[in-house]
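The values are calculated or read from the model by the stated rules, or taken from the named source; none is laboratory data. Just so it is clear, the model here is predicted, and its values are computed rather than measured. Note: ideal-geometry Cβ built from the backbone for every residue, glycine included; neighbour counts use all protein chains shown.
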Amino acid sequence: MSKKIFYIYNPKTLTYERVYPSLRQRIIVVLRHLFVGSILSIGVIVAFYFWFGSPKEELLKMENEQMQTQYKVLSKRVDAALEVLNDLQQRDDNMYRVILQAEPVNDEIRNNGIYNPSRYENLLQMSDAELVVSTSQKVDNLARQVYVQCNSMNELVKLAQGQEERIKHIPAIQPVSNKDLKRTASGYGYRIDPIYKTTKFHQGMDFSANVGTPVYVTGNGRVVETGWQQGFGNTVVIDHGYDYKTRYAHLSKILVRKGQEVIRGEEIAEVGNTGKSTGPHLHYEVLYKGKAQNPINYYFFDLSPEDYDRMTQLAENQGRVMD
């Protein structure tokens, strides 16, 4: 680039005369250009970082997003695992421990030490503290629950090993063939009486079935009652020992006699429609120390966890109680 040359018009001589700037003027011009260039450069750099960020910041941002995604996926997986574990805990307390006459696991034991804020103080400084702390709490909760449940299962195994004969006598199957669960009519609890239309406590389970459908004894025992009972019609009562009895009502035919020893799965009667009944079905009860129990907790030889959940839902249908 050629050097700029400046001229000024002289009216006296009517000519243009060349101007030679002083050193001070030249320095001022140079400094002015440097200043303007610096300002523009700083502006461009600031704009670039504001809109695009530095490569290091972009990398950190990407890593942070990946971490958030991983924590969210982990949180969902832990939630699913906790749901499965909760189902197992319910079966443990309401089925296995009922059968083995063991006390349910105390909630304080299951949850001891889980919700301790001081455990997560070192995580509160992280950029995604809420997500990280929440997920960490869930993981700790899962670990604690698994530990307690493993100990519970070990305890149940020991109880079962010492009670093999007892388990043979405890009611443990459905009294009619009901693999698809379609014969489940009504469950244990308060229901609307189909005849009197009043609320009453239904202390057994009803299974709808055709007259003549085989009825099976649900555990080893001895027949202690047979014949007609008020409201129940033709009835069989089995004493299983260990303070357990079962009742089978509304029968069309009784195939056993009083005092007879029976083995789990043996046919003892046929479904009928006798007594206070609105249709052919079997009314089945489980009694422990003379008190009615929820029979749904005594099908552990028959039902998978999925079938147990499904039967629980079916048994809650208040509209199909039949006696």
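For (1) more than 19 Å from Gly279 (Cα to Cα); (2) in contact with a Leu (Cβ under 9 Å, 6 or more places away or on another chain); (3) not hydroxyl-bearing (Ser, Thr, Tyr), each residue gets a yes or a no:
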position: Asn210; (1), (2), (3): no, no, yes
position: Gln230; (1), (2), (3): no, no, yes
position: Gly241; (1), (2), (3): yes, no, yes
position: Lys245; (1), (2), (3): yes, yes, yes
position: Val256; (1), (2), (3): yes, no, yes
position: Gly259; (1), (2), (3): yes, no, yes
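For segment 87-114, how many residues are in a helix (DSSP H, G or I) and free of Cβ contacts under 8 Å to residues at least 24 places away in the same chain?
Matching residues across segment 87-114 total 4.
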Inset, instruction - Could you list all residues from segment 240-255 that are at pLDDT 95 or above and assigned to a loop (DSSP other than H, G, I, E, B)? - result: Leu255
Legend entry - Of all residues making up segment 147-178, the number that are in a helix (DSSP H, G or I) and closer than 26 Å to Ala292 by Cβ: 8
Inset, instruction - May I ask you to verify whether Gly259 is in contact (Cβ under 8 Å) with a residue 40 or more places away in the chain and either farther than 22 Å from Ser177 by Cα or crowded, with 18+ Cβ neighbours inside 10 Å (or both)? - result: no
Legend entry - Breaking point among (1) in contact with a Gly (Cβ under 9 Å, 6 or more places away or on another chain); (2) surrounded by fewer than 16 Cβ atoms within 10 Å (Cβ to Cβ); (3) closer than 17 Å to Leu287 by Cβ, for Glu225: (1)
Inset, instruction - Looking only at segment 158-176, decide whether some residue is more than 32 Å from the chain's Cα centre (by Cα), modelled with pLDDT of 80 or more and exposed (fewer than 15 other Cβ atoms within 10 Å of the Cβ). - result: yes
